[in-house]
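The values are calculated or read from the model by the stated rules, or taken from the named source; none is laboratory data. What you are looking at is a predicted structure, and each value in this text was computed from that prediction instead of being measured. Cβ coordinates were reconstructed from backbone atoms using ideal geometry, including for glycine residues, and neighbour counts include every protein chain displayed.
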Amino acid sequence: MNKPIHIDSSKLSNNIEKYIKPEVVYIPLENKNGITYKHLVKEGDYIYKGQVIAVNEKINFPIHSSVSGYAVCGSKHIISNGKKIKCVIIENDFKEKYEKKKLVNKEIASYTKDDFIESLRINGITGLGGSDYPTFLKYDSDNIKYLLINAVECEPFICCDKAVIYNYADSILETIDNILEIMKIPKAIIVTKDTNTSSIDSFNKYIGTYPNIQMCLVEDAYPNGWERLVVKNALGIEYNKYPIEKGIVVSNVSTIYAIYEMLKYNRPLTERVITITGPGIKKKTNVKVKIGALASEIIMNLDGYKDIQNPLFIAGGPMMGNSMPTDDVIITKDLNCILVIEDHFEKNLPCIKCGKCIEVCPVDIAPVLIMNNHDNHDNLKNLNPNKCIECGLCSYICPSKIEVREFVRIAKEKVKEE
């Protein structure tokens, strides 16, 4: 495994703005991983905030409305992977109206392990670091030895996790402690960058009262926030496919805060904090938004765009994000950043076979060979493009400015289809 590299990034304050009054929300019936949901409402239905409006029937995992209002005729909109997806559309009545039964909460001390896992499921809690993986599946295991909290946030520009820590460190620690107690997990480790002084200071104010929670500081380098490196850096442990093989659960720090709101307020996951930044944005900030809001509406509420030549709209960060043809992108649970930069990328030159992409690849594959064999299916299988984590380091390091990651991603899809 090659050594991570440091990438400079702009910094934002730890303030969190709010834009929680969108005119309309669009709830896609498919996520970025291709998981589909069956809609449970029809046009004209009145929808309560927090109401289940669609479900993944394979695992009985729901999606909730982030507003109250009326369902209107569906249409397709773009999600973070660039696909146009059919949506449940709800016109916001701005009443934030819950069903009365949703207001009932349970004392944390009375939670059993099964209660906790079921609550994660029915409240739609997923990985907010970008995976959108249902959290209840991670915790549905016996003999968990370690809970790792991923607060590394190593991709440039993105700092929503940092803002969540700064504003809610005490609630995050309380929740980690509750999870340890409910799940009978002996120890938790919060993993963050050694340069992230605001997060370190925020946790240090309270962490002394939690003997089973400690911090682990890792180098400010990319991709140290990758789950496999989080586990290795914190515990010195490697695994085959999933951390749970070694009795380890890894949760993103923003996911932990979503669990706090679930435990404290019986609140399903309907809002999240994202970073909106880049040279093309007038007001660069972290903002709390409704799941299902349009990025274009949020940005205009934050004073809009700067006048730059050839703006490039990216859903996600500069390394792993996807460029979009429009700013009408839906905020989904997996989307942690909107980046608007100037498209001044140099025209790519022919590959000079320098091997730099191989040197930086964190999963030890050969991106240049995959690129050169993207039409040769037999060779592709042997080159293991399926191991790619789409970190983008191969494109970042390429002196010829080739979008190597895109070739590898296409090859990965080809192998998966077979």
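Would you check if there is a residue in segment 110-123 being within 26 Å of I338 (Cα to Cα) and within 25 Å of the chain's Cα centre (by Cα)?
Yes.
Where the second residue is surrounded by fewer than 16 Cβ atoms within 10 Å (Cβ to Cβ) and not in a loop (DSSP other than H, G, I, E, B) and the first is touching a residue at least 24 places away in the same chain (Cβ under 8 Å) and among the polar types (S, T, N, Q) and lies in segment 351-373, which pairs have Cβ atoms under 6 Å and are six or more apart or on separate chains?
From segment 351-373, the pairs are N373/N379.
Might you let me know whether segment 338-345 holds any residue that is under 18 Å from Y19 (Cα atoms), surrounded by 22 or more Cβ atoms within 10 Å (Cβ to Cβ) and not assigned by TED's automatic domain parsing to the domain that holds N252?
yes
Have a look at E107, E118 and point out the one that is at pLDDT below 95, acidic (D, E) and in the same structural domain as S171 (by TED's automatic domain parsing).
Just one listed residue meets the conditions, E107.
Just for strands (runs of 3 or more DSSP E) wholly inside segment 305-418: which have at least 2 residues that are touching a Pro at 6+ places or on another chain (Cβ under 7 Å)?
So the answer is 337-342.
When you go through N60, N56, N2 one by one, which is the residue that is within 29 Å of R228 (Cα to Cα) and either of a type in the set (S, T, Y) or over 22 Å from the mean Cα position of the chain (by Cα) (or both)?
N2
Tell me the residue from D142, D132 that is in a loop (DSSP other than H, G, I, E, B), in the same structural domain as A109 (by TED's automatic domain parsing), free of Cβ contacts under 8 Å to residues at least 12 places away in the same chain and surrounded by fewer than 21 Cβ atoms within 10 Å (Cβ to Cβ), please.
Going through D142, D132 in turn, the sole match is D142.
Could you identify the single residue in I237, I244, I256 that is buried (at least 20 other Cβ atoms within 10 Å of the Cβ) and not in a strand (DSSP E or B)?
Residue meeting the stated conditions: I256.
Within the bounds of segment 317-333, is there any residue that is small (G, A, S), within 30 Å of M300 (Cβ to Cβ) and surrounded by fewer than 21 Cβ atoms within 10 Å (Cβ to Cβ)?
Checked against the condition, which is being small (G, A, S), within 30 Å of M300 (Cβ to Cβ) and surrounded by fewer than 21 Cβ atoms within 10 Å (Cβ to Cβ), segment 317-333 yields at least one hit.
Check K193, K205 and return the single one that is modelled with pLDDT of 95 or more and touching a Leu at 6+ places or on another chain (Cβ under 8 Å).
K193
Of everything in segment 220-242, what is of a type outside the set (A, V, I, L, M, F, W, C) and within 22 Å of V164 (Cβ to Cβ)? Give them in sequence order.
Those that are of a type outside the set (A, V, I, L, M, F, W, C) and within 22 Å of V164 (Cβ to Cβ): D220, Y222, P223, N224, G225, E227, N233.
Taking segment 191-220 only, how many residues are surrounded by fewer than 18 Cβ atoms within 10 Å (Cβ to Cβ), in contact (Cβ under 8 Å) with a residue 40 or more places away in the chain and hydrophobic (A, V, I, L, M, F, W, C)?
0
Could you please let me know if D303 is without any contact (Cβ under 8 Å) to a residue 60 or more places away in the chain, of a type outside the set (G, A, S) and surrounded by fewer than 18 Cβ atoms within 10 Å (Cβ to Cβ)?
In short, yes.
Out of all the residues in segment 307-323, which are over 15 Å from the mean Cα position of the chain (by Cα) and modelled with pLDDT under 95?
Passing the criteria: D307, I308, Q309, N310, P311, L312, S323.
What pairs come up if the first residue lies in segment 272-285 and is more than 20 Å from D334 (Cα to Cα), the second is charged (D, E, K, R) and in a strand (DSSP E or B), and their beta carbons are under 7 Å apart, counting only those six or more places apart or on different chains?
Close Cβ pairs (under 7 Å, with a partner that is charged (D, E, K, R) and in a strand (DSSP E or B)) amount to P279/E342; G280/E342.
Tell me, please, whether a residue that is basic (K, R) and farther than 19 Å from E227 by Cα can be found in segment 131-152.
No - not one qualifying residue is present in segment 131-152.
Only one of E181, E174 is without any contact (Cβ under 8 Å) to a residue 24 or more places away in the chain and assigned to a helix (DSSP H, G or I); which?
Residue meeting the stated conditions: E181.
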